[in-house]
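In what follows, a single structure is set out as structure tokens and then discussed.
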Amino acid sequence: MVVLSLDSYQFNTPTNLTMNIRNNGASPVGLIAYYVNDSSDAQYASSTWPARAIAPATAISVNILIDGTAFTFQRGNSYTVSIVTSRNYQYSFTITE
């Protein structure tokens, strides 16, 4: 079973976020898509994310890019980032700028 957790995150620009995601499971897993929602439920979706594999008991840094059309990252606001794996599981993390 795969269990993803968020080690840390950093907002780089109003359209770029870096997340350190850890695989706490016993099997490797690929990350294939992500969705970002703001508090107004506006959504940015990326279903063409180049697959990145995370080995068991390791973490990787991933960049979450949004186009800035629906919204941009603003200080003091919360966002939900949902990551879809190659096994079709979805993990959601709530973060605040």
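The values are calculated or read from the model by the stated rules, or taken from the named source; none is laboratory data. All of these numbers come straight from a predicted model, not from anything done at the bench. Quick reminder, even Gly has a Cβ in these numbers, built from the backbone with ideal geometry, and neighbours come from all protein chains shown.
Tabulated data
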{"item": "Filtered residue count, the range 58-74, keeping only those that are out of contact with any Ser or Thr (no Cβ under 8 Å at 6 or more places or on another chain), modelled with pLDDT under 95 and loosely packed, with under 14 Cβ neighbours inside 10 Å", "result": "1"}
{"item": "Entirely in the range 1-95, the strands (runs of 3 or more DSSP E) that have 3 or more residues that are polar (S, T, N, Q)", "result": "4-13, 16-23, 58-65, 78-85"}
{"item": "Unmet requirement for Asn23, which otherwise passes all of (1) of a type in the set (S, T, N, Q); (2) surrounded by 16 or more Cβ atoms within 10 Å (Cβ to Cβ); (3) over 16 Å from Thr85 (Cβ atoms)", "result": "(3)"}
